[in-house]
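First up is the structure itself, then whatever we jot down about it.
Coordinate-derived values only; no laboratory data. This one's a predicted model, so the numbers in the text were calculated from it and none came from an experiment. Using ideal geometry, Cβ is built from the backbone for each residue, glycine included, and neighbour counts are taken over all protein chains shown.
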Amino acid sequence: MPATTLITAPKLQTLMHSGQPLMVFDCSFDLAQPALGERQYREGHIPGALHADLDRHLSAGDGAAASGGRHPLPTRERFAAWLAQIGFANDMQAVVYDRNSANYCGRLWWMLKWAGHDTVAVLDGGLQAWQAAGGALAGGNEGAWPPSQFTLGAPLRRLVTVDEVLAHLGDTSQTMVDARATPRYRGEMEPLDPVAGHIPGALNRPFGDNAGPDGRFKSPEQLRAEFATLLGERPAATVVHQCGSGVSAIPNLLAMEVAGLGPTALFAGSWSEWCSDPARPVARG
């Protein structure tokens, strides 16, 4: 069966020896040191894995963008062109991982779903779990794959714009869930964006709450109970996830799927896009 949410390290090891079409991505990154992720990759990664950099590969940079914020999404067409360039094809299983509690690899997991590719899974526990399971590491860079054809499919996950969030602010049809650390959500401090606070009405669930002490996602039952407490009477289908720039919101989105609560939406521009216009309301506390 294809893996579409999480995959364990032993199951990845089995998959790697099965001969099935597979591409593994190391998405390690550090916001404070953007070059660190690539250095870490070169120092040690899962054999055969390619490096996917948040700034260079998973954000729009100076190109056409599909969202706003500090890490704007590239258009689906531009993303598909990159996938074809690196040799990823529609028949492949993708597995993504990082060293950062799925904070960055979740971005690629979601983008592949958004591109219409369902067979993508996050390595539960990341590189640390791979090593704990006795997995070997490779150093340096991997050889280039031959270019492929990648055909976009209908989006499998919903991208929400800042205008949509504003239009439904306060509606029962929209429940914002903010994945940032609680002091940032409350507006007590803001290290990255020019305005502190949160979108009015947003609930707060820091993305790190999805993992247990071993770095793996909590059980589906525990996640389901925690989201039920967070949401109260609000239907799971109304949830729109956000964070600072649309990256660390993904672990919450993935956790809801692991919990069996179904696909939910992403506001990729997140707080960084929301607070860029002083006309949009800000809440604190």
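Assorted remarks:
- Scaled against 2.2 N^0.38 Å for its residue count N, the alpha carbon radius of gyration of segment 33-75 is 1.35.
- Rg/Rg_globular for segment 73-150, with Rg_globular taken as 2.2 N^0.38 Å and Rg from C-alpha atoms: 1.18
- Beta bridge orientation in segment 6-132: antiparallel %, DSSP, nearest 5: 10 percent
- In Å, descending, principal axis extents of the Cα set of segment 6-132: 39, 33, 21
- Cα-based radius of gyration of segment 187-285 once divided by 2.2 N^0.38 Å, which approximates compact folds: 1.11
- Cys residues of the chain counted as unpaired, since no other Cys beta-carbon is under 4.7 Å: Cys243, Cys275
- More than 19 Å apart - percent of Cα-Cα pairs taken over segment 123-207: 68 percent
- Convex hull per residue volume in Å³, alpha carbons only, for the chain: 128 Å³
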